[in-house]
Amino acid sequence: MALYEPDRSQYPAKKPDGTLDIDLTSGKYLKLWQGPQHPGITGNMSLELTVCGDEVVDCQTHVGYLHRGFEKLMERRTYIQCFPIVCRICVPEPDFNEYCYAAAVEELSGITAPRRADWIRTLILEMGRINSYMMYLGGQAGSLGMGVIGQWTTYVRDLMLDRFEELTGARIYHMFILPGGVRDGLPEGFEKRMEETLREIESTMKDVHEAMFCNAVFKKRAVGLGYIDPALIEPYGVTGPTARAAGVAKDVRKDFPYLVYPELDFEPVTGKDSDAFTRADVRRRDVLLSIDLLRQILAKMPHDGPLMAKIPNVLHWKVPRGETYIRAECSRGEYGYYIVADGSGYPRRVNVRGPSYTHAVALLERLIINVNIADVAGLMVSLHTYPPEIER
Amino acid sequence: MKIRDILSPFTVWKNLFRDPVTINDPVRERPGAPRYRGFHKNDVKKCIGCGTCETICQNGAIDMVPVDGIAAKEGDSGLRPRIDYGRCCWCALCVDVCMTKSLTMSNDYQWIDRDPDAFRFTPGVDKKKWDDAELGYTRPDAHRLTPEERIHMQELGPETRIGSFIEIVKGYSVDEARKEADRCVSCGLCVATCPAHMAIPDYIAAIRDGDYERGLKLLYDTNPLPEVCGRVCTHKCESVCAVKHEGDPIAIRWLKRHIADQVPLDKYRAIVGAAEPATGKKVAVVGAGPAGLSAAYYLARMGHAVEIFEALPAAGGMMRYGIPEYRLPYPDLDKDIAFVKELGVKITLNTRVGKDVTLDDLRKKFDALFISTGLHLGRSTKVPGADHPKVFQSIDLLRRVTLGEDIYCPEQAIVIGGGNVAMDIARTLARIQTKKYGKVGVTLLCLETEDIMPADREEIVESREEGVVLRPGYGPTRIDTDGDRVTGTRFVRCLSVFDENGRFAPRFDQSDEIAISGAMVVESIGQGMDLSYLPDDLQKQIVFERGRPKVDRHFRTSLPWLYAGGDIVQGPDVIHGIANGHAAAVGIDIYLRGKMEQ
Amino acid sequence: MRELYEQLKRLFPLGEYTEQRRDLAFVTVPKDHLRPLLIHLRDREGFTHLVLLTAVDWIEEGRFQLTYLMNDRAGKRDLGLRVLIPRDGAAMEGIHDLWPTAATYQRELREMFGIDFPGSPRVNGEFILEGWTGMPPYRRDFDTKKFSEENFNHRPGRATKDPAKHMKDKLYPDEA
């Protein structure tokens, strides 16, 4: 089998300051823009690639195509008015925003959400995780040339959206977890329909395993692609499945247990090889873990009790001066909200820490060097980044 | 390379024999879930146009707009929310915060129109296909974004309070007041209903901010008797409070009292401000009740010299001589009056106009007159025996109690009447009886059944707690007397109080007669006015309407220099009196300034 | 967390300490001592993960607060370091050599708050805002409402009424 062998003689030399000596007029190099509209890019961002032959020698990421200034907008809205905005920071998995925001406001206000609300919050977060992974699996397979996987995962994701719809009243932006608790309890017969959905996902995951993970083409392209040295995990702020695939068992659910995770039985999924294939495999197994967690949650969850804490009148809710940080494990890593309150009815500062922020800029720019142009999309997707949480 | 990795992908082919999972006709076959947050619905009859939906909308998608066929009225602004779907994000905070639960969402989510402006409409007014949708998001009952329960007011228990005239209600602490003020949604629907149009949402906001100086200043803009009104106002504002629809109305009255209680009198002048420079004009006010004091206060603020003539030995009118001390302690009343005096108002006590000084004298000495002499004549039932000396008028007795007289009070007393004054005398007698005999023996009877008794609900509850026996739904027929003693009264059941036109026309069932024993009867069925101090020639010049002097919107009678207000114009109510006094002061000021320019 | 603070206090001149949770505290650090403290925390105390680096604009005090949130996964604790720098000519020493990912944060802070990090890679390049010439938009004195009103058109046909004012106009226009 013919393997791709890079020709190192064509490489640019390094200048004393470490940057590359690239002379675009020499004809040896080409500037290539991938994105912002490109099927292999996860969302609206673009990569400014400098290629030499088929190989990337330099890359600069460009974000900002989705910048809506959420953090700034929140400074002009009351605490309750921020609640409908935060979910928009991450489209495929919006619930972490709702949870982190709500928990941070609760903590600063000295409010404790009822236990039953915590169970429902955990349920929603795990449902969202599966949805996010379904998007990812479709994207990962698609970026390496397997369109059919995306069709399957989109189907089961849609089933999960149905569950979201009947539980929260909306499919994409659920706006269900608000400071103080959650809006409502489970609808009648939800557990049964959820079980059917979970079975369908399990069966799809079997197919995905057969077609994608036991697939010579996928292995050929993904194994060894985008290797992340475990030594880079901390300097580059890498979290979530990307870190776990490197053998670093970082999982906020275990490390800093929140909501009802202490009451659930699970072990973080890890891998060893730290390449695109391992990352995909860690995420595939994480889906199975989430399915298991959802079953545990539905079995253990209390069915009566309050869903909202006593909160002040939201129309003039003032939060005492203080600052806090709330984190949670989303499908891509550590998601967190840093909120500074100045005692008024408006947040002084809300900073959203999305895992894509560290993954898609500094880390990607490093990993992409020496990668074949055809693998850029696959590499990028393997980091599972969502641009809106980079630019907020 | 494993052979499995070559073969396994071919399992994809099994899907060739699978049915498609897509829905053929999603427009018809896929309704939204029962909780789906689709297009808005609004029950416009239930909606009160309070605008909290607009306030909470973070997208600025809601406008409050007037709607044909819905007029502004008490407790309803007449506005209805119009939603701009170009901005709506379907978060349903408007539904969650809706004060009446009128705003909901349907599960309909499909709507196609070529006109972009069609997506801006008033739910419930502009008819839409989803108006009758049964499914969709409504606020779950337990899901509240505004606290619905009133902060409990500490009060004395019945056993404690019956032994004395100490004030029953303790007033909110700063923390309690802030929590109660927090419940207010600042819609302002109450302002129109308050006779004085007090800036209620603003002074409640001042409590939230802990800024009592701002609060007091706002109170004095429209009401110079906040300590009084904070205790005994009929609080019509609370009856239209938006929060009452899905919870307890805001305790507006107690909050007002809280502000006044927090600020010591010696700070008032610095906060509220001193009077304007003197105009040199003089105004006489007859009667130092709420209307008279209010008129005097605002006239003094405007720089006019004001003198009040009061027949009784202390100022306050009904607030002092009608309302018992357990509802309105005299020191609090005195605090309000003291600030009126501090502004330069002169109060001449023990001076009855018509006897100690004539109205003509006043007319000569002053540039304008304001009469507010109130309703101090009790009405009699005129049943046989009602003229007996042991049959009393509640208003006389209450006055005598305040004056410190030792009134006749046997072990068993009968009160006739179902209003607040009847409750006042019944509960006053109960206190005197407790002191004298150690037990309560008061029976109160009235024509109205309990559900339509004019007295405040809390008066009914509290008087029962104190041991007063209530027998609503009876009318007196005869008072039994035996020489100089009253032995009891006979009553028949009252079938209805009003006729079909709502006029007072009681019907009785003569066969259902009861006899209540008691050595004293107190009649408390209403009061009349005594205008005998007005000379005959003036009486002829003043136009009366249904027994009351007719006034214009500035409370001017048919005589240009004579203004009238308070109970004699508007019927018994403190806050109306205050509002009248203020309006009259504005009118008198215009009149006097007109004269100054001439 | 208190113990750690007491320990650090012996080595560094630390300012205000706030314990927000059992596992989260914030401490104010003088600008010049941030770097040695970060290295100490990273190498000696296990705070190897830079969770975030952001700024808070305390415009009334004329200062920016830079927050370096450090995480010690093994010790299950977080420490936020607050560095207060003057708003005028705001600049701070970069930490991109300690955590390469910090370069991204520093680029963003430069663009959004106008805080300079001399020497940080591409710190003056455009990050999110392309062709932006105005004031750094995350500063408190940048008015988003004004910006949108100047740059975007309002759809005609919107008008609203205040309930209380509307009731006054309809029910008692003549009264005070």
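Details
- Extending 7 Å from the Cα toward the beta-carbon at both B:Lys267 and C:Arg2 defines two label points whose distance is 3.7 nm.
- Here region A:329-392 is treated with +1 on each Lys and Arg Cβ and -1 on each Asp and Glu Cβ, and its dipole about the Cα centre works out to around 180 debye.
- Gaussian network model of chain A, springs between alpha carbon atoms under 10 Å - residue of A:Val217, A:Val248, A:Val56 with greatest fluctuation: A:Val217
- Summarising the strand pairing of the protein assembly as shown, around 70 percent of its internal DSSP beta bridges are antiparallel.
- A Cβ-based charge dipole, computed about the Cα centre of chain A with Lys and Arg at +1 and Asp and Glu at -1, lands at about 700 debye.
- Loop trypsin sites (Lys or Arg not before Pro), region C:1-54 (other Cβ atoms within 10 Å of the site Cβ: 14 or fewer; DSSP): C:Arg22
- Centroid-to-centroid separation of region B:58-104 and region B:575-594 [C-alpha atoms, Å]: 37 Å
- Descending by average beta-carbon neighbour count within 10 Å, the peptides C:103-110, B:552-559 line up as C:103-110, B:552-559, the highest first.
- Rounded to whole numbers, the Karplus 3J(HN,Hα) couplings from phi for region B:518-530 are x, 8, 7, 10, 10, 8, 9, 10, x, 10, x, 9, 10 Hz, using 6.51 cos²θ - 1.76 cosθ + 1.60 with θ = phi - 60°, and x at Gly and Pro.
- Given charges at Cβ of Lys, Arg, Asp, Glu: chain B dipole, positive-most of B:Ile347, B:Pro140, B:Pro472: B:Pro140
- Partner shielding of A:200-212 amounts to 2, given as the average count of beta-carbon atoms from other chains within 10 Å of each residue beta-carbon.
- Put a dot 7 Å past the Cα of B:Gln510, heading toward its Cβ, do the same for B:Ile452, and the two dots end up 2.3 nm apart.
- Distances between placed amide hydrogens fall under 5 Å for C:Ala55 paired with C:Thr67, all partners being 5 or more residues away or on another chain.
- Surface calculation, 1.4 Å probe, protein heavy atoms: A:Ser203 sits at approximately 60 Å² accessible.
- Rounded to the nearest 20 debye, the dipole size of the protein assembly as shown about its Cα centre is 460 debye, using +1 on the Cβ of Lys and Arg and -1 on the Cβ of Asp and Glu.
- Other-chain or far-sequence residues with amide H under 5 Å of B:Phe508's (modelled H): B:Leu495
- Length-normalised contact order for region B:507-598 - Cα pairs under 8 Å, 6+ apart - percent: 17 percent
- Share of carbon and sulfur in the accessible area of the protein assembly as shown stands at 51%, probe radius 1.4 Å.
- Span from the region B:235-276 Cα centroid across to the region B:461-479 one, whole angstrom: 33 Å
- Net length gained if the chain between B:Asp482 and B:Asp175 were fully extended (0.36 nm per residue, minus Cα distance): 104.7 nm
- Positive dipole terminus of region B:408-500, leading residue within B:Phe491, B:Gly438, B:Ile425 (C-beta point charges): B:Gly438
- Region A:219-271 and region B:313-388 have Cα centres separated by 83 Å.
- Summing both sides, the accessible surface hidden between A and B at a 1.4 Å probe radius is close to 3600 Å².
- Ranking of B:Met529, A:Met212 by solvent-accessible surface, largest first: B:Met529, A:Met212 (1.4 Å probe, protein heavy atoms only, all chains present).
- Computed with the Debye formula from one identical point scatterer per Cα of chain B, without solvent, the log10 of I(q)/I(0) at q = 0.09, 0.10, 0.12 Å⁻¹ comes to -0.84, -0.99, -1.26.
- In region B:12-40, burial by the other protein chains removes 10 Å² or more of accessible area from B:Val12, B:Lys14, B:Asn15, B:Arg18, B:Val21, B:Arg30, B:Ala33, B:Arg35, B:Tyr36, B:Arg37, compared with the chain on its own (1.4 Å probe, ligands and nucleic acids ignored).
- Under 19 Å from A:Lys28, Cα to Cα: lysines that are on another chain or at least 8 residues apart: A:Lys14, A:Lys15
- In order along region C:44-54, the phi-based Karplus estimate (6.51 cos²θ - 1.76 cosθ + 1.60, θ = phi - 60°) of 3J(HN,Hα) comes to 10, 10, x, 7, 8, 9, 7, 6, 7, 9, 8 Hz; Gly and Pro are listed as x.
- For the peptides A:277-283, A:106-112, the ranking by packing is A:277-283, A:106-112, with the highest mean count of neighbouring Cβ atoms within 10 Å listed first.
- Taking every full run of DSSP H in chain A, the ones that stretch at least 20 Å from end to end by Cα along their long axis and average -0.5 or higher on the Kyte-Doolittle scale are A:95-109, A:115-143, A:147-168, A:276-300.
- Compared with the direct C-alpha span, the chain from B:Tyr437 to B:Thr279 gains 51.1 nm at full extension, assuming 0.36 nm per residue.
- 3J(HN,Hα) along region B:41-49, derived from phi through the Karplus expression 6.51 cos²θ - 1.76 cosθ + 1.60 where θ = phi - 60°, amounts to 10, 9, 7, 5, 6, 7, 4, 10, x Hz, with x in place of Gly and Pro.
- Other-chain or far-sequence residues with amide H under 5 Å of B:Val285's (modelled H): B:Glu307, B:Ile308, B:Phe309, B:Phe370
- Globularity ratio of the protein assembly as shown, using Cα Rg and 2.2 N^0.38 Å: 1.20
- Here B:Lys45 is the anchor, and the lysines within straight C-alpha reach of less than 27 Å, apart from those fewer than 8 places off in the same chain, are B:Lys73, B:Lys101, B:Lys127, B:Lys128, B:Lys129, B:Lys236, B:Lys244, C:Lys161, C:Lys165, C:Lys168, C:Lys170.
- Whichever lysines have a C-alpha closer than 27 Å to that of A:Lys219, once near sequence neighbours (fewer than 8 apart) are set aside: A:Lys206, A:Lys250, A:Lys272, B:Lys2, B:Lys14
- Per-residue shielding of B:144-153, expressed as the average number of other chain Cβ atoms within 10 Å of the residue Cβ, stands at 3.
- Distance distribution note for region B:378-527: the fraction of Cα pairs above 28 angstrom is 13%.
- Peptide C:19-26 shows a mean partner chain C-beta count of 3 within 10 Å per residue C-beta.
- In region A:129-235, the GluC sites (Glu not before Pro) that fall in loop regions by DSSP, at most 16 other Cβ within 10 Å: A:Glu188
- Among A:Leu186, A:Cys90, A:Met308 - extreme Cα towards positive end, dipole of region A:79-308, charges at beta-carbon: A:Cys90
- Trypsin sites (Lys or Arg not before Pro) lying in DSSP loop within region B:67-126, provided at most 13 other Cβ fall within 10 Å: B:Arg114
The values are calculated or read from the model by the stated rules, or taken from the named source; none is laboratory data. The structure displayed is predicted, hence computed values, not measured ones. Ideal geometry is used to build each Cβ from the backbone, glycine not excepted, and the neighbour counts take in all protein chains shown. Just so you know, the surface numbers come from the protein's heavy atoms only, side chains and all, with ligands and any DNA or RNA stripped out. Shrake-Rupley method; radii C 1.70, N 1.55, O 1.52, S 1.80 Å.
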